[in-house]
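To keep things clear, I will list the structure first and then write my remarks on it.
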Amino acid sequence: MIAALYKKVPAGLWPPLLVLLAWEIGAHLAAGRGSAFVVPLEKVAAAAADLLVQGVLQVDLGWTLWRVASGFALGACAGLAFGALTGASGLAERLAGPLFHALRQIPFTGLVPLCALFLGVGSSAQIGLVTIAVFYPVALNTAEGLRAVPGSYRELGRSLNFSRFQQWRRIMLPGALPQIFTGLKHGLAFAWIAAVAAELLITAGPGLGALIESGTTIRGFEVSVVGIAVIGACGYGMSLAVAGLEARLLRWRGMKG
Amino acid sequence: MQAVKPRIEAVAAAAPHRSGVAARPAAAWPRVRGQAAAVAMGALLPLALLVLWQLAARHQWVGSGTLVAPRQVYDTLAEFYADGTLGQDFRASLRRVLVGYAAGAALGLLFAIAAGASRRVAAAFLPSFHVLRQVPVIAWLPLAIFLAGFGEGFKIAMVAIAAFFPAALNALDGIRGVPPALLELGRSLCFSRLQALRRVVLPYALPDIATGLRLSLSRSWMIVVAAEMIASTVGVGYRMNWARQLFQVDIVFAGVLITGAVGLAIDIGLRLAFRPVTAWRGVRQ
């Protein structure tokens, strides 16, 4: 019977199942010895149900998503504008490029105290961090995408007497679009990470980061576990959704083989 | 933060050496002058911003007291350097990074080799791996604190987690990308598994492994700063957070400079260090 079961369950499910089993057994063994750190899974499930019923989880998720969305919008717009400028103009690239690449190396966790100082310990500092995290990949990929548009395409536009607007609309943007999309994709992933990090490091207001933080202090550890699971699931769902969207939007890219 | 993975043109028959073409003396001068001009151009904007910053701070254009002059940031840095605080914080952070990175990156490489070598290991562990790598490393913080306490352990654990995923992911990509023809060649030469790994798979995957190791170290540095902000009594991240709470703006700026400089040093340093092993396959870095 065990052999039949072994064949039925996909191989990829075994390690997590075994870990959960070990966790459950370990938690019950440790329970008698007064260790509060390992909580049994049923307690985690109960905490998840509680958070859902009370609406805490929805509120926190909503706030995190709001910070991701607003930070992404700001950072992506700034990144597109900066990337377009440095990608299209050699002068702008020579002027601003070195500074951009140097600043890019500052880890955004290092900017947390700075943002908190200038924007206050609150939502605007958190959104500011998300904006910065989104800006770099979008700007970088936009500029590289524009620079990579083949010279022969540009020449074609010129020989067709395209106006500047037409040149951008018909040649530059379509040519750079796949890489711009790559930048936006990385930007979105970074936005999600930055939002959680900002909520954890600048504890102000609701959010998933604040939720897992509260698990270590006020609420029990099981709340942290629920929060981590939700964060992971959302990140996974987001990357799947973006991959699907990319496949749909950039169908034409596969056509030229 | 998953790897911004350079797309690799899998050129199986790449020339093993890119001959170092030495510039002829006659051509060298214009190139040096061109580089000098580029450096001057690149320095223009930072210098202008520095002057603007100094003026803004002196005349209090922005937020009273929150903007300190670059001069003061420099003085603070010099002072911290002189009294040893800087060295102490820096050494503490560096130690955590190195220990955690060594453990995390080594585990990541081993995992990638195991998953690349055995279809069974891959089928069993890769699904979990791909789900777990979607969890932002920083979200593991509470878990790490619970499991390892507020001491050194959790910071090193966080760094190890941060180093594990990029190292494993890139190595895995590299190993997966080995052309079947090369593996076939190994088989026809009656290579043992270990020989195939040593002579075929690892050399081919080396550029990707190097990329992974570089990203891992950058990520490690980022995470150690965050972990130190949460709970620490020494370290660059701790110093910055402490200064923020006391509104010591100059120290915060000095901290940003240091974290940025270390990030830059890691990126450039490892790119240069790995160049001998990455150049041959034309990896864009």
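The values are calculated or read from the model by the stated rules, or taken from the named source; none is laboratory data. What you are looking at is a predicted structure, and each value in this text was computed from that prediction instead of being measured. Because the Cβ atoms are built from the backbone with ideal geometry, glycine has one as well, and the counts that use them run over all protein chains shown.
Data for the structure
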read-out	value
Test for A:Ala102: is it in a helix (DSSP H, G or I), under 22 Å from A:Ala191 (Cα atoms) and in contact (Cβ under 8 Å) with a residue 40 or more places away in the chain	no
Flag if B:Thr233 is of a type in the set (Ser, Thr, Tyr) and within 15 Å of the chain's Cα centre (by Cα)	no
Residues (more than 8 Å from chain B (Cβ to nearest Cβ) and either over 14 Å from the mean Cα position of the chain (by Cα) or surrounded by fewer than 24 Cβ atoms within 10 Å (Cβ to Cβ) (or both)) located in the stretch A:193-208	A:Ile202, A:Thr203, A:Ala204, A:Gly205, A:Pro206, A:Gly207
Lone unmet requirement of (1) of a type outside the set (A, V, I, L, M, F, W, C); (2) touching a Phe, Trp or Tyr at 6+ places or on another chain (Cβ under 9 Å); (3) over 30 Å from A:Gly110 (Cα atoms) for A:Arg154	(2)
Verdict on A:Phe165 being part of a helix (DSSP H, G or I), away from chain B (no Cβ under 11 Å) and touching a Leu at 6+ places or on another chain (Cβ under 7 Å)	no
Helices (runs of 4 or more DSSP H) completely within the stretch B:110-210 that count 2 or more residues being at pLDDT 90 or above and surrounded by fewer than 23 Cβ atoms within 10 Å (Cβ to Cβ)	B:119-132, B:152-176
Boolean, A:Gly227 is closer than 13 Å to A:Leu57 by Cβ and either facing another protein chain (nearest Cβ under 10 Å) or modelled with pLDDT of 90 or more (or both)	yes
Long-range neighbours under 8 Å by Cβ, at least six apart or interchain, first residue within 18 Å of A:Phe181 (Cβ to Cβ) within the stretch A:127-146, second of a type in the set (D, E, K, R)	A:Tyr136/A:Arg104; A:Leu140/A:Arg104; A:Ala143/A:Glu93
Considering residues of the stretch B:138-149 that are facing chain A (nearest Cβ under 8 Å) and touching a residue at least 12 places away in the same chain (Cβ under 8 Å) only, the residue farthest from the chain's Cα centre (by Cα)	B:Ile145
Index of the failed condition, B:Asp250 passing every other in (1) under 18 Å from the mean Cα position of the chain (by Cα); (2) more than 30 Å from B:Leu143 (Cβ to Cβ)	(1)
Meets criteria (farther than 29 Å from B:Glu228 by Cα, more than 8 Å from chain B (Cβ to nearest Cβ) and at pLDDT 80 or above) for A:Lys256	no
Filter result for the condition that a residue is free of Cβ contacts under 8 Å to residues at least 60 places away in the same chain, buried (at least 19 other Cβ atoms within 10 Å of the Cβ) and assigned to a helix (DSSP H, G or I), over B:Val225, B:Val256	B:Val256
Residue in the stretch A:106-121 that is surrounded by fewer than 21 Cβ atoms within 10 Å (Cβ to Cβ), without any contact (Cβ under 8 Å) to a residue 12 or more places away in the chain, within 9 Å of another protein chain (Cβ to nearest Cβ) and not in a helix (DSSP H, G or I) present	no
Close pairs from the stretch B:109-136: first more than 7 Å from chain A (Cβ to nearest Cβ), partner surrounded by fewer than 21 Cβ atoms within 10 Å (Cβ to Cβ) and charged (D, E, K, R), Cβ under 8 Å, at least 6 apart	B:Gly116/B:Arg176; B:Ala117/B:Arg193
Flag if A:Pro178 is farther than 30 Å from A:Cys115 by Cβ and within 14 Å of chain B (Cβ to nearest Cβ)	yes
Candidates A:Ile193, A:Ile212, filtered to the one that is closer than 20 Å to A:Thr131 by Cβ and part of a helix (DSSP H, G or I)	A:Ile193
Top-ranked residue in the stretch A:150-178 [being closer than 30 Å to A:Trp192 by Cβ and either polar (S, T, N, Q) or touching a helix residue (DSSP H, G or I) at 6+ places or on another chain (Cβ under 7 Å) (or both); ranked as surrounded by the most Cβ atoms within 10 Å (Cβ to Cβ)]	A:Ala176
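Table: residues versus (1) in contact (Cβ under 8 Å) with a residue 24 or more places away in the chain; (2) out of contact with any Asp or Glu (no Cβ under 9 Å at 6 or more places or on another chain); (3) within 25 Å of B:Phe129 (Cα to Cα).
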position: A:Ala176; (1), (2), (3): yes, no, no
position: A:Gly183; (1), (2), (3): yes, no, yes
position: A:Gly209; (1), (2), (3): yes, no, yes
position: A:Thr217; (1), (2), (3): no, yes, no
position: A:Phe221; (1), (2), (3): yes, yes, yes
